[in-house]
Every structure is written in C-alpha cells, then in structure tokens.
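Please read the structure below before turning to the comments.
The values are calculated or read from the model by the stated rules, or taken from the named source; none is laboratory data. None of the values given here were measured: they were computed from a predicted structure. We place every Cβ from the backbone using ideal geometry, glycine too, and count neighbours over all the protein chains shown.
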C-alpha cells in the first residue's frame, strides 16, 4: 500500500524474466523498489532502507539467496574507477606487464603499473593524466599533465612494452580492440584477461575504452558494466536481479544484446525483474505485471498479469494496446 498502491497482492515468478510495465506514475517503482526490493533485503538480512507499507512477504524464499538492485549510479565513487578495474581485468593486465623481461630487470612489481599507487605513476598528476586548476568565479580548468603528457606513468614504466604496446597504450584501447590484441597470443595470462573483458563485450560495451573514467559513462552504460560484473561471477548463488529501465538511450541492436545477457542470468538459475516501458523488452518477457491504469491517484492497481500475448488482449491496459500492435507487426514480419 506504499504511495498510490491500492492494497494490491502481487506474485513474482522465480527463474524467469518478469517485466513490470505501466504509464508514468502508475506505481511501478513504488511496488518494485520501495516495497519488494527493500522487503527482500530485510528478509535476507542485508539491511537497507525501511520497506514501504506492506502486510506480508511470502513464497519460495529459499529458492534465491540474495537480491541485487542494478541501478544507473556510477560504478565507482572516484574518477579513477574504470570498467577494467571494476571487472578485475586491470589486475591481470598489470601482472602481464610485470612478467616482461624489462620489468623483471627493473624490479617492477604489478603495483608499479597501477596509476592509483606510488611507484610507477606520475607523481606530478598522481596518475590522473591531468591537472585541475581551481578557479574562484569560473568552472575549474582541466589541463593535460606537462610531466607525463596525459600518459599517467613515469617514463621508465612506459618503456616496458608488451608486443609493442606500453601500459598507457593498452588503457587507451577499446574493449573490442583489447580482446583482439590479447587473443593473438594463446598464453594463460592472456586468456585470463580475455575472460575478464568478454562480459563487457557481451553486454554491448565493446566500444568503451579500458581506462575510461566511470564519470564519463552514461547511466545506462554504468548499469551494463554492473551487469557484466555479475555475468563474470561464475559461482554466484541464485540471485534475484532488479533492473530499472535498462533500455534508456539504447539502439534496437543494443537491446537485443541486453536481452541475451538477461537470458544468460536466467540460464544460470537467477531471476530477473525489470521496470520497463520499452515494448521490445516487454514482448520478450516470460511474465508481465501491468500497473495502472492511469498515473497518480488513478494508478496503483494491477491492471492485468500474464504472458505478453495475454496482456495484449486486455482492453483496460494501455501497455496491452501498444503491445498488441507490436506483436502483430512481429507476426507480419515472420510471415513475410
């Protein structure tokens, strides 16, 4: 009964993809985030904010062991965090550079190839690659570091190369370029690097750079980096994942890639719940919970539940009206 929810009872099936749909203000977030997610957190002893108003949470609680709300917040609190460090791929890359003959002769350990710790980083910019000049009445000015010229490292560290590339060159590669580069050698260390990077490619982030700051990623990109992190965890226990409008700003082909990632989670025994209005996602759901029928005071009801085909036949559902047209166009395309 949180916010505008009208004392509703809702069932979420496990080990499938459920989409919660409805117009803006229909109660989707109140139901999924404020009540369902926070109540599950409390049930699994993970604390968090106080759940919204509800009377009882019941069901096959032992079928899942934790719940994750995959939001669009940045993956790190500082500008130093990037996709490569978040998925532990940079750890493996640093180990590879430390194994090069030049690094061994100089006594460089993997930590020397980190721009976050003293040793190999440029101390002028502290490994940032840039210098920020604070202005009193204007926006701060960001300048390229004159000492390392934006490379982040001391010259003796940059002199260590792996197949003609130094550590700065590798950080400047895109995910796709890095996977291709390290695939050319069939070594154990290279395989570990590729294994760490592949989930980023699988969620459609092959175009971002390894060393790209998390502060430059969009909300949707941060969300997909987190999804890649969960896909990289092979031994994770059965988890319920909640995504809040993950298709924001995505092209149709990116949505297809995202759906494949959701299917991978389900194949591994997880459960996926998505708050979404995109018809390309809704039509692929195993189960749909349509909220509404309107927003605000006129919302907060469960209009209908079931498969996308069942929602499309519900005359009271705005989602069903658009979904019916979407499904019809799909069938026409198949016939052709």
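General remarks:
- Exclusive hit being surrounded by 19 or more Cβ atoms within 10 Å (Cβ to Cβ), free of Cβ contacts under 8 Å to residues at least 24 places away in the same chain and either farther than 17 Å from residue 80 by Cβ or touching a helix residue (DSSP H, G or I) at 6+ places or on another chain (Cβ under 9 Å) (or both), set 164, 129, 119: 129
- Of the residues making up segment 286-313, just one is within 24 Å of residue 227 (Cα to Cα) and in contact with a helix residue (DSSP H, G or I) (Cβ under 6 Å, 6 or more places away or on another chain), namely 288.
- Inspection of segment 199-211 identifies no residue that is surrounded by 18 or more Cβ atoms within 10 Å (Cβ to Cβ), touching a strand residue (DSSP E or B) at 6+ places or on another chain (Cβ under 9 Å), part of a helix (DSSP H, G or I) and not assigned by TED's automatic domain parsing to the domain that holds residue 43.
Let's see how each residue does on (1) modelled with pLDDT of 95 or more; (2) closer than 14 Å to residue 114 by Cα; (3) out of contact with any helix residue (DSSP H, G or I) (no Cβ under 8 Å at 6 or more places or on another chain):
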{"site": "141", "(1), (2), (3)": "no, no, yes"}
{"site": "145", "(1), (2), (3)": "no, no, yes"}
{"site": "152", "(1), (2), (3)": "no, yes, no"}
{"site": "182", "(1), (2), (3)": "yes, no, no"}
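- Of all residues in segment 132-161, those satisfying the criterion of being surrounded by 15 or more Cβ atoms within 10 Å (Cβ to Cβ) and closer than 30 Å to residue 201 by Cβ are 148, 150, 151, 152, 153, 157, 158, 160, 161.
- Filtered residues of segment 147-181 (kept if in a helix (DSSP H, G or I) and within 16 Å of residue 211 (Cα to Cα)): 158, 167, 168, 169, 170, 171, 175, 176, 177, 178, 179, 181
- Whichever residue in segment 230-247 is more than 18 Å from residue 274 (Cβ to Cβ) and out of contact with any helix residue (DSSP H, G or I) (no Cβ under 6 Å at 6 or more places or on another chain) and, among such residues, is surrounded by the fewest Cβ atoms within 10 Å (Cβ to Cβ): 235
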